[in-house]
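Peer 1: Below are the C-alpha cells for one structure; questions will follow.
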Amino acid sequence: MVNESSSLTAGAPPGAAGRSDGESSSIGRTRRRQAWLLVLPMLAVLAAIAGWPLARTLWFSLSDAQLSDMASRQFVGLANYIGETGVLRDPEWWNAVGNTLQFALVSVSLETVLGLGVALLLNHPSRLRTLLRAAVLVPWAIPTVVSAKMWTWMLHDQFGVINALLLSAGLIDHPLAFTADPDLAFPTILLVDVWKTTPFMALLILAALQMVPGDCYEAARVDGVPRWRVFFRVTLPLILPAVMVAMIFRALDALRVFDLIYVMTSNSSATKSMSIYVREQMIDFQQVGYGSASAILLVMIIALVVGCWLTFNRVRMEGK
Amino acid sequence: MCQIQLTQLQKRFGATPVLADVNLTVEEGEFCVFIGPSGCGKSTLLRIIAGLDDASAGDIVIGGRRVNDVAPARRDVAMVFQSYALYPHMTVYENMAFGLRHLKLPAAEIEQRVRRAAESLHLTALLDRKPGALSGGQRQRVAIGRAIVRKPKVFLFDEPLSNLDASLRVKTRVEIARLHRELNNTSMIYVTHDQVEAMTLADKIVLLRPLEGKSGVASVAQVGSPLELYHHPANQFVAGFIGSPAMNFLPGVVASAETARVTVRAGDALLSAAVDAAGLAAGGAVTLGVRPEHVVAGQGELVGRVVHIEHLGEHSFLYLDTALSPQPLVVKTAQGDVPLGSRMPFSLPAESLHLFHADGAAARRLRVPADAACVPA
Ligand SMILES: Nc1ncnc2c1ncn2[C@@H]1O[C@H](COP(=O)(O)OP(=O)(O)O)[C@@H](O)[C@H]1O
Ligand SMILES: [Mg+2]
C-alpha cells in the first residue's frame, strides 16, 4: 500500500526538476545524482518492507504451499489463479470482491458527504469550535477493534442498548439481530465504518476549507452572490483537489477492510471482504499458495481502482 | 442622489476603539481619499461602508437611505480589495462575470459588460487566463474590472496600488483617474497610505489618525482638498503627515502677539509668522512649522551648518544644524554643490511659517506663499 499512496504525492521521478536546465549540463547531472542519493534510503526501506513481502507472496502464489508444511511446496504455475479450482473460478471470491467494492463505494461516498457537512459546521467561527474539533476526532482515535467490539455490544440483539432504545421508542416490535441477520449485517458494518471515519474526512476537508482565501467570500458577499452559489462555484472547486486525495486514501483503506468485519460479522458471507477471504484461505484452510494468489489479486484490484481514479482525476484536471 | 454620509460613527474591536466620531459626507461623483498612517482604521472604515463590518455606533447613509442594517449586496457598492480577492480557479472572464451571473441578466448583456470592461482595462487578450498566470498589475486590473461590470453607484478601493512596483503604480494611478472621469456620477472612496496618490487623485482628502487607545480624540484629523491640507493643515498631525520630506517643527515661546504678526523666540532667534494671533499671549509655548520647500536658502540672517545632503537630481535636501531646534532643519534647494560642514545662510519668511498652539491646533494663516492661491474652507 505504501507504494500506491506515495506515488500520489511524489508523482514526478527524482531529478525531474533539474531537467529543464539542460539534460547534458553538468550541474543538471550533479543534481540528478543528488536526487537519487536522497531517495535511495527510502527506496531501500520500501524494498525491504513492501517489495520483499510482495515478491514472496507472488512466489508462494505460484506454488501449492500449505501453512503446516511450507518446505515441501511444489511449483504449480498459474493453477491457483486460473486452474480448475483457481481463485478466479471461485464464486466465493467474486462475492468477496463484490462486497468489498460495494462497501468501498458506499462508505467512501457517505463519509465524504457527512465529512463535508461536519467540516462546514466546524469551519464556522464559534467558541465551541476548538472543543468540537477535538471531540469529533474521538471515533477516529479509538482503535478499530475496540470500537467494533463496542458497537457489537451496543447492537447486541438481547442486551444491546440500541435495540432497547428502538424498542422503547416503539420503532421496532422485536429485537433486531444487527450483526447476525444477513440483510442487516452489511448496512451495520457500513454504519460503523462511516461513524469511525467521518471524522478523518471532516478534518481533512476542514483543513482544505481553511485554505480557501477569506477575501474571496467577502468579494462574493459585496457582489451579492447567493450562498449556495458561492458554495458550489467557489468553495467546492477550491477544496476538490484535497477532497479527492482524502477520498482515495479512504478508498484504499476501505478496499482492504478487515478488522471491523472480522470482529463484528466474521461468519457472515454477506459481509465477507477480500481481506477476510484471503485470511480464511491462508489461516483457516491453511492454503498459503491459494491464499497468496488471492492476496495478489487483491493488490491488483486495488491498483486497478487507484489507477482508474488517478487517470480520471488527471483527465478532469486537464479538461479544465 | 448617491451621497454617502457618515454621522458620529464609532468602531471598537472589543474594548479597543479604532474609529471615533467620524462625521463625513462624500458627494455624488466625488473622488474621496482616506489617508493615514498604517493601522489608523482606513480599511475598517471602508469595510463599514461596504457592510463587511458593523459600526459600533453611528449612522451610515447611502443615497438618502440608512444602510446600517442593509446587506453589502444591497448597498450598490463594489469593492476592490487590497489582496485583489480574485477567485483562483476561474478565468479572468469568469472572475468578472461571476458577480453578475446571479442577477438574471441576459447572457448577451453579461458578455457585453465583461468585454467592454476588459477592453478599457487592456485585458482582452487575457480573458482565458487564470489569476495564477497573471502579473500583479494584471490581477489588479481584473479586480477593478470585476467592480466596473457591476456598474455600482460607489466604488471602494482598499490600497489597490500597494502591491505594484513604482512605475506601474504611476501608470495605474493615471488609469484610475481616467476611470473616474469616464464613470461620471460614480463616487469613489479610495484608501491609501501614500500621500502622492492622495494628492494626485483626490477631490477630497480625509486624513485619519490612529487613536492609540486614547479616548476623546476624533479619528478624522482633517477633511479638505489636497491644497487645503497642504497649505492650511488644521493641526500639527496633518502638517507633519502631508508633505515629503515632512515639515520642520521648531519649538518656541511667543514673544509678542499682534493681530497679524506673531513673534516667536525659537532657540536664540526671533521669528515672526503671519498668522492669526487669537488665543496667543506672550510667554505661551507654541510650535512653529516650515516646509523644506519654503525655506529660502543661500541668503538671510539665519545660518546653519550643513551636516547631510540628499541629492535627487533636480533638487537637493540639505540638513542644517541650527540653533533653532535640536533636530536638523531640512531645506530644499536647487544648488547641490554645497560642501558638507559649510555654513549656509537662510531665512524663514513670515508667510511660510505655520504656528501650532500647545494642543496641536493650527493658528489660521493670513497669507500663504505666492504659489498657492488657495482659500481656506
Ligand atoms: N478584526 C479585527 N479585530 C481586532 N482588531 C482589528 C481587527 N481588524 C482591524 N483591527 C485593528 O484595527 C486597527 C485598524 O485596522 P485597519 O483598518 O486595517 O488599519 P489600516 O487599514 O488603516 O492600516 C488596527 O490597529 C488593527 O489592529
Ligand atoms: Mg488597510
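The values are calculated or read from the model by the stated rules, or taken from the named source; none is laboratory data. Predicted, not measured: the structure shown is a model, and the values here were computed from it. Counting neighbours? That spans all protein chains shown, and the Cβs are built from the backbone with ideal geometry, glycine included.
Peer 1: Give the residues of segment B:68-85 that are farther than 18 Å from A:VAL212 by Cβ and facing another protein chain (nearest Cβ under 8 Å), sorted by residue number.
Peer 2: Those that are farther than 18 Å from A:VAL212 by Cβ and facing another protein chain (nearest Cβ under 8 Å): B:ALA71, B:PRO72, B:ALA73, B:ARG74, B:VAL77, B:ALA78, B:MET79.
Peer 1: Name, by its number, the condition in (1) surrounded by fewer than 17 Cβ atoms within 10 Å (Cβ to Cβ); (2) more than 16 Å from ligand 2 (Cβ to nearest atom) that does not hold for B:SER38.
Peer 2: In the conditions (1) surrounded by fewer than 17 Cβ atoms within 10 Å (Cβ to Cβ); (2) more than 16 Å from ligand 2 (Cβ to nearest atom), B:SER38 misses (2) alone.
Peer 1: Please note which helices (runs of 4 or more DSSP H) are completely contained in segment A:256-320 and include at least 1 residues that are in contact with a strand residue (DSSP E or B) (Cβ under 6 Å, 6 or more places away or on another chain) and among the hydrophobic types (A, V, I, L, M, F, W, C).
Peer 2: Numbers: elements: A:259-264, A:274-279, A:288-319.
Helices (runs of 4 or more DSSP H) meeting the threshold: none at all.
Peer 1: Please determine, by comparing only the residues of segment B:29-88 that are part of a strand (DSSP E or B) and among the basic types (Lys, Arg), which one is nearest to ligand 1 (Cβ to nearest atom). I'd like the intermediate steps shown before the answer.
Peer 2: Applying the first criterion (part of a strand (DSSP E or B)) to segment B:29-88 yields B:31-35, B:57-62, B:65-66, B:77-80.
Those left that are additionally among the basic types (Lys, Arg): B:65-66.
Working: B:ARG65: 25, B:ARG66: 23 Å.
The residue in question is B:ARG66.
Peer 1: Could you tell me how many of the residues in segment B:1-15 are more than 16 Å from ligand 2 (Cβ to nearest atom) and part of a strand (DSSP E or B)? Can you show your working first?
Peer 2: The first filter runs over segment B:1-15 and keeps only residues more than 16 Å from ligand 2 (Cβ to nearest atom), leaving B:1-10, B:12, B:14-15.
Then drop every residue that is not part of a strand (DSSP E or B), which leaves B:4-10, B:12.
Selection size over segment B:1-15: 8.
Peer 1: How about segment B:142-168: which of its residues are more than 13 Å from chain A (Cβ to nearest Cβ), in contact with a helix residue (DSSP H, G or I) (Cβ under 8 Å, 6 or more places away or on another chain) and not in a loop (DSSP other than H, G, I, E, B)?
Peer 2: B:LEU168
Peer 1: With (1) surrounded by fewer than 16 Cβ atoms within 10 Å (Cβ to Cβ); (2) under 18 Å from B:GLY137 (Cα atoms) as the list, and B:ASP59 as the residue in question, which single condition is left unmet?
Peer 2: (2)
Peer 1: Now for a different question. B:VAL92: more than 8 Å from chain A (Cβ to nearest Cβ), buried (at least 17 other Cβ atoms within 10 Å of the Cβ) and within 30 Å of A:PRO241 (Cα to Cα), yes or no?
Peer 2: yes
Peer 1: Of all residues in segment A:225-259, count the ones that are at the interface with chain B (Cβ under 9 Å from one of its Cβ atoms) and buried (at least 17 other Cβ atoms within 10 Å of the Cβ).
Peer 2: Of the residues in that region, 4 qualify.
Peer 1: Of all residues in segment A:84-94, which are outside any loop (DSSP other than H, G, I, E, B) and crowded, with 16+ Cβ neighbours inside 10 Å? Full working, then the answer.
Peer 2: Within segment A:84-94, the subset outside any loop (DSSP other than H, G, I, E, B) is A:87-89, A:91-94.
Passing the criteria: A:VAL87, A:TRP93.
Peer 1: Would you mind finding the one in A:LEU101, A:LEU131, A:LEU114 that is in a helix (DSSP H, G or I), in contact with a helix residue (DSSP H, G or I) (Cβ under 7 Å, 6 or more places away or on another chain) and surrounded by fewer than 19 Cβ atoms within 10 Å (Cβ to Cβ)?
Peer 2: Numbers: A:LEU101 fails: in contact with a helix residue (DSSP H, G or I) (Cβ under 7 Å, 6 or more places away or on another chain); A:LEU131 fails: in contact with a helix residue (DSSP H, G or I) (Cβ under 7 Å, 6 or more places away or on another chain).
A:LEU114 is the lone residue from the list that is in a helix (DSSP H, G or I), in contact with a helix residue (DSSP H, G or I) (Cβ under 7 Å, 6 or more places away or on another chain) and surrounded by fewer than 19 Cβ atoms within 10 Å (Cβ to Cβ).
Peer 1: Hey, another quick one. Just to confirm my filter: which strands (runs of 3 or more DSSP E) fall fully inside segment B:187-291 and include at least 2 residues that are in the same structural domain as B:ARG47 (by TED's automatic domain parsing) and touching a helix residue (DSSP H, G or I) at 6+ places or on another chain (Cβ under 8 Å)?
Peer 2: Values: elements: B:187-192, B:204-208, B:220-224, B:248-258, B:261-266, B:269-273, B:285-290.
Once the strands (runs of 3 or more DSSP E) in segment B:187-291 are filtered for at least 2 residues that are in the same structural domain as B:ARG47 (by TED's automatic domain parsing) and touching a helix residue (DSSP H, G or I) at 6+ places or on another chain (Cβ under 8 Å), what remains is B:187-192, B:204-208, B:220-224.
Peer 1: Scan segment B:35-61 and report the pairs whose first residue is without any contact (Cβ under 8 Å) to a residue 40 or more places away in the chain and whose second residue is near ligand 1 (Cβ under 7 Å from one of its atoms) and not polar (S, T, N, Q), with Cβ atoms within less than 9 Å and a gap of 6+ or a chain change.
Peer 2: Hits for this filter: B:THR44/B:PHE13; B:THR44/B:VAL18.
Peer 1: Answer yes or no as to whether B:ALA362 is under 16 Å from B:ASN248 (Cβ atoms) and not assigned by TED's automatic domain parsing to the domain that holds B:VAL253.
Peer 2: Details: under 16 Å from B:ASN248 (Cβ atoms): yes; not assigned by TED's automatic domain parsing to the domain that holds B:VAL253: yes.
Yes: the conditions hold for B:ALA362.
Peer 1: Among the residues that make up segment B:24-32, is at least one of them touching an Asp or Glu at 6+ places or on another chain (Cβ under 8 Å), over 27 Å from B:VAL238 (Cα atoms) and of a type in the set (A, V, I, L, M, F, W, C)?
Peer 2: No, that holds for no residue.
Peer 1: Right, next: Hey, does segment B:119-129 have a residue that's in contact with a strand residue (DSSP E or B) (Cβ under 9 Å, 6 or more places away or on another chain), under 23 Å from A:VAL230 (Cβ atoms) and within 14 Å of chain A (Cβ to nearest Cβ)? Talk me through it step by step, then tell me what you get.
Peer 2: Narrowing segment B:119-129 to residues in contact with a strand residue (DSSP E or B) (Cβ under 9 Å, 6 or more places away or on another chain): none.
Within segment B:119-129 (the criterion being in contact with a strand residue (DSSP E or B) (Cβ under 9 Å, 6 or more places away or on another chain), under 23 Å from A:VAL230 (Cβ atoms) and within 14 Å of chain A (Cβ to nearest Cβ)), the answer is no, since none of the residues qualifies.
Peer 1: Return the residues of segment A:51-83 that are free of Cβ contacts under 8 Å to residues at least 40 places away in the same chain and assigned to a loop (DSSP other than H, G, I, E, B); say none if nothing qualifies.
Peer 2: Correct list: A:ASP69, A:ALA71, A:SER72, A:GLN74, A:GLY77, A:LEU78, A:GLY83.
Peer 1: Tell me, yes or no, whether segment B:8-24 has at least one residue that is in contact with a Leu (Cβ under 9 Å, 6 or more places away or on another chain), of a type in the set (Gly, Ala, Ser) and away from ligand 1 (no atom under 16 Å from the Cβ).
Peer 2: The answer is no; no qualifying residue exists.
Peer 1: From (1) hydrophobic (A, V, I, L, M, F, W, C); (2) surrounded by 16 or more Cβ atoms within 10 Å (Cβ to Cβ); (3) within 11 Å of chain B (Cβ to nearest Cβ), pick out the condition that doesn't hold for A:LEU209.
Peer 2: Of everything listed in (1) hydrophobic (A, V, I, L, M, F, W, C); (2) surrounded by 16 or more Cβ atoms within 10 Å (Cβ to Cβ); (3) within 11 Å of chain B (Cβ to nearest Cβ), A:LEU209 misses just condition (3).
Peer 1: Which numbered condition trips up B:GLU119, out of (1) closer than 21 Å to B:GLU182 by Cα; (2) touching a helix residue (DSSP H, G or I) at 6+ places or on another chain (Cβ under 9 Å)?
Peer 2: (2)
Peer 1: Evaluate the following for B:ILE48: is it out of contact with any Phe, Trp or Tyr (no Cβ under 6 Å at 6 or more places or on another chain) and closer than 23 Å to B:PHE237 by Cβ?
Peer 2: Values: out of contact with any Phe, Trp or Tyr (no Cβ under 6 Å at 6 or more places or on another chain): yes; closer than 23 Å to B:PHE237 by Cβ: yes.
Against the criterion (out of contact with any Phe, Trp or Tyr (no Cβ under 6 Å at 6 or more places or on another chain) and closer than 23 Å to B:PHE237 by Cβ), B:ILE48 qualifies.
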